[in-house]
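The structure that follows is given in the form of structure tokens.
Just so you know, all these numbers are worked out from the coordinates, no wet-lab data involved. As the structure is a computational prediction, the values presented were derived from the model and not from experiment. With ideal geometry, Cβ positions are generated from the backbone for all residues, glycine too; neighbour counts draw on all protein chains shown.
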Amino acid sequence: MTDQTEETGVLPDGTDYVIRVPRIWSGVVVRDLDAVSRSVAPGLAPMYDDMMARGWAVAGTVRHRLRMYQYDPRREIANLDRVLDRFDARFGRPAQVVQYGCSGGGHLTLAIAEDFHERVTAAVALAAHTPVWLMNSFLDGWFALQVLISPYQVGAAGGTAGPLAITGLENDGSAHPSGHGRTGPLPDAWRTALTAAQATPEGRARIALAFALGQWPAWVSDDVPKPALDDVPALQRSMFAATLRNAANPGGEARVMFENAANGQQLSDNTNVDYTALFEAANPFLRTAVRRLYEDAAVSLNEDLARINAAPRIAAAPHAIEFWSARGRTTRGLPAIPVLRLHMIGDYQIPPSLVEGYEALVRTNGREDLFRSAYVDATGHCNFTAAESTAAIQTVLDRVRQGSWPDTSPGAMNERAAELRTGTEPRFIDYGPHRHPRYNRLWLPEDQAQAPAR
């Protein structure tokens, strides 16, 4: 893009950074963990081009090449502050800084809005993870699969098979350098077991039960038609397709990266989880589907839940819990600046149920005036359109300037996005049918009381 000033460089720890300022600058800076890579990536660059065209500067970093082994959100936050220092020194202090980011960048956005917001005006968090929450939500579904699906692997392997691991994953070179996706015997074994289970009525029911317990989205890939939530066979087929995709990350997306962060100590815990209670908090449509599938298979849902509850549990390492309890590495539902959180209903890497948990904490903490959420009718991860991204940024800027939130309903967000004329389509949707009675895996450090959500 021409007609701009650009500065690039390398921070002391080897992290690349970029600053881009349009010739006619409005005084707004959009700061993003992934500004270096996403702003030039095919399919994503138009989002950043649109920001620049509106007079918003873009500044940020790229994920460190050793992130899979040394992931630390606190360090990433410190690096973003270093980029802002460079911005201030060269271009002057911005009138407004919008913290923005997706996935790990979304987590940083929430953490910054809570604990590192002194130089930030507002925040847009897209597809944000919260590490302990995410790994516990994945643990619940994978734990159920490990208990109920392992026998299918043994049968498919001719009577012998290795363990279907879900925690304590090896750094054996089978994981992608990003931490996302593995190759080799472990994911292959999981796919063998899942495929064998899918061939039986009871196996299909058990796969669906895992989704209900984990509060995972049933539709995560455009390779499978979006199922109606009351179409049980289509819903189950979509869940099976999702398990095959998720099997690239046994135990949960990027688990090896989260475990490595705390010196290889794992952060999930299900020692006191009652899986029968978790099932009652499943999405009503998934709960109905599970019951119907179990009835059709003529097997006992209650007996399977009892088997899961009786299985040996997994405890988190104290060192990992101490590590992830630090500010910047987790969130507490205490935003101090306006935050708009976006999530796709079919995100395979981060279940949208995590947003529901954060919404509940915000209500409990009385911070509703600083927080809004919106959901997008899409699958994948972080593939928001320029229309959705720009509408979100404009919404928080309006909240800052007006002192109150504009309408953030799906219809209003779609209308706002259309008026902004980005050349892409917005897909905001009513999330209501996908909601759960409660999010099962709220986790807070010991220094904050875990009050029930109102």
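Given +1 on the Cβ of Lys and Arg, -1 on the Cβ of Asp and Glu, and no further charges, what dipole in debye does the chain carry about its Cα centre, rounded to the nearest 20?
280
Under the classification rounded if a/c is under 1.5, otherwise prolate if a/b is larger than b/c and oblate if not, where does the stretch 1-149 fall, given a ≥ b ≥ c as square roots of the Cα gyration tensor eigenvalues?
prolate
What does the net charge come to around residue 425 if you take all other residues with beta carbon closer than 14 Å to its beta carbon, with K and R at +1 and D and E at -1?
Overall, the nearby charge balance is -2.
Which shape class, rounded, prolate or oblate, goes with the chain when its Cα gyration tensor gives a ≥ b ≥ c as root eigenvalues, a/c under 1.5 marks rounded, and past that a/b bigger than b/c marks prolate?
prolate
Next up: Hull surface divided by four, with the convex hull built on the Cα atoms of the stretch 343-454: how many nm²?
Averaging across all directions leaves 7.9 nm² for the Cα convex hull.
Any idea what angle helix 410-420 forms with the longest principal axis of the chain, computed on alpha-carbon atoms, 0 to 90 degrees, nearest 10?
Once rounded, the angle reads 40 degrees.
Moving on. Note down the magnitude of the dipole of the stretch 132-323 about its Cα centre, charges +1 on Lys and Arg C-beta and -1 on Asp and Glu C-beta and zero elsewhere, to the nearest 20 debye.
240
While we're here: Specify the inter-centroid distance of the stretch 378-412 and the stretch 306-354, based on alpha-carbon positions, in whole Å.
Value for the Cα centre distance between the two parts: 24 Å.
Would you calculate the convex hull of the Cα atoms in the stretch 132-323 and tell me its volume per residue in Å³?
About 116 Å³ per residue, rounded to a whole number.
Express the Stokes-Einstein translational diffusion coefficient of the stretch 1-65 in µm² s⁻¹, to the nearest whole number, given a Kirkwood radius over alpha-carbon pairs, 37 °C and a viscosity of 0.692 mPa s.
278
Let me ask you something else. Relative to the longest principal Cα axis of the chain, at what angle does helix 353-364 sit, 0 to 90 degrees, rounded to 10?
70
So how far, in whole Å, is the C-alpha centre of the stretch 238-274 from the one of the stretch 91-105?
30
Taking +1 at the Cβ of each Lys and Arg and -1 at the Cβ of each Asp and Glu, which of 143, 95, 169 sits farthest along the dipole of the stretch 72-178 towards its positive end, judged by Cα position relative to the Cα centre?
About the Cα centre, the residue reaching furthest to the positive side is 95.
Another one. Mind checking the angle between helix 284-297 and the chain's longest principal axis? C-alpha axes, 0 to 90 degrees, to the nearest 10.
On a 0 to 90 degree scale, this one is about 20.
Under the classification rounded if a/c is under 1.5, otherwise prolate if a/b is larger than b/c and oblate if not, where does the stretch 215-289 fall, given a ≥ b ≥ c as square roots of the Cα gyration tensor eigenvalues?
oblate
Identify, among 211, 408, 247, the residue whose Cα sits farthest towards the positive end of the charge dipole of the chain, taking +1 on the Cβ of Lys and Arg and -1 on the Cβ of Asp and Glu, with the dipole about the Cα centre.
Selected residue: 408.
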